[in-house]
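**Q** Mind having a look at this structure? Questions to follow.
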Amino acid sequence: MPQSSARRRLRAVPDSSTCDTRPMKPRVTADQHLLDSQRRSEWKQKDAWRTLRILSEFVDGFDTLSDVGSAVAVFGSARTKQGSEGYLLAERVGAALAAEGYAVITGGGPGVMEAANKGASEAGGESIGLGIELPFEQGVNDYVDIGLDFRYFFVRKTMFVKYAQAFIVLPGGFGTMDELFEALTLVQTKKVTQFPVVLMGTEYWGGLVDWMRDRMLEDGMVNAQDIDMLLVTDDVTEAVAHVVKGAAAVKDAD
């Protein structure tokens, strides 16, 4: 396992001292190249070789994270401001998880991700960041002990689900919703079992959960147990206790 003070990266990051200080143009990412349906002429020549790069990301991710103990993934907006209520809440979540012996895994960016990593790190826990290549460089925040930068979203998603025993989701946007509903789908379809999902913030998430009950459930699109797998709370202690209870249920099942 890498030393806690080291960051392992899956791609080179330019030295900031040599970077051009002019406004950056959005760069084309590896995901964009892979999914670009307008470049059909390149598929046969490039896609087969691209699989080797994808394979290497899986190998490096598995190798780096294979010795991580019990862990919880914390999601939320990169736009959450330092010192805000949401930021402080994420710090408390990270610290509380660390106190229970969990490593904290985030997307490695700013906002909620930084706050959860900070809370875990300052509480003496293991702080992990799984970054992603974006059109504008984001970088891994300063509170990450083990950092990985991925080119491909689907590789990164695999690492979140494989190495986390639960998800705690704070207010966020499309990316946060993506992670949330992917986790719910994997539980619903039995791809993963006993996977607690906690939504922190009753005011933020209440409308969504009400819609799921009033529309999706009423129309027969989901079952009651699909929605009951969600815990919605404002209480950090309750959230972490729910995670611990889920872990205990897995041990009892074994």
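**Q** Based on alpha-carbon atoms only, what is the radius of gyration of segment 151-254 relative to the globular estimate 2.2 N^0.38 Å?
**A** In units of the 2.2 N^0.38 Å rule of thumb, it is 1.08.
**Q** For S70, tell me the accessible area in Å² from a 1.4 Å probe, rounded to the nearest 10.
**A** Its heavy atoms expose roughly 60 Å² to the probe.
**Q** I'd like the projected area of segment 43-192, averaged over all directions, using the convex hull of its alpha carbons. Report it in nm² with one decimal.
**A** 9.5
**Q** Now a separate question. Whenever you get a sec, line up T233, T189 from highest to lowest accessible area (probe 1.4 Å, protein heavy atoms).
**A** These residues rank, largest area first, as T189, T233.
**Q** For segment 66-119, what class follows from the C-alpha gyration tensor (a ≥ b ≥ c being the square roots of its eigenvalues): rounded when a/c is under 1.5, otherwise prolate if a/b is larger than b/c, else oblate?
**A** Verdict is oblate for segment 66-119.
**Q** Take M221 and F154, extend 7 Å from each Cα along the Cα→Cβ direction, and tell me the distance between the two endpoints in nm.
**A** Calculated label separation equals 2.4 nm.
**Q** Going down the table (K46/K190; K191/K245; K81/K190; K81/K191), which pairs top 30 Å between alpha carbons?
**A** Check vs 30 Å cut-off fails for K46/K190; K81/K190; K81/K191.
**Q** I would also like to ask the following. Which loop-located chymotrypsin sites (Phe, Trp or Tyr not before Pro) does segment 69-141 contain, where loop means any DSSP state but H, G, I, E or B and the Cβ has at most 14 other Cβ atoms within 10 Å?
**A** F136
**Q** Could you give the distance between the Cα centres of segment 48-70 and segment 164-202, to the whole Å?
**A** That distance is 22 Å.
**Q** Moving on to the next point. Can you tell me the FRET efficiency between K191 and F62 if r is taken as the Cβ-Cβ distance and R0 is 22 Å, rounded to the nearest 0.05?
**A** Between K191 and F62 the formula returns 0.80.
**Q** As a test of reading the structure, rank S127, S121 by solvent-accessible area (1.4 Å probe, protein chains only), most first.
**A** The ranking, largest first, comes out as S121, S127.
The values are calculated or read from the model by the stated rules, or taken from the named source; none is laboratory data. Only a predicted model underlies this, so the values are computations on that prediction, with no experimental measurement involved. Every residue, glycine as well, gets a Cβ built from its backbone with ideal geometry; the counts of neighbours run over all protein chains shown. Note: areas computed on protein heavy atoms with side chains; ligands, DNA, RNA excluded. Shrake-Rupley method; radii C 1.70, N 1.55, O 1.52, S 1.80 Å.
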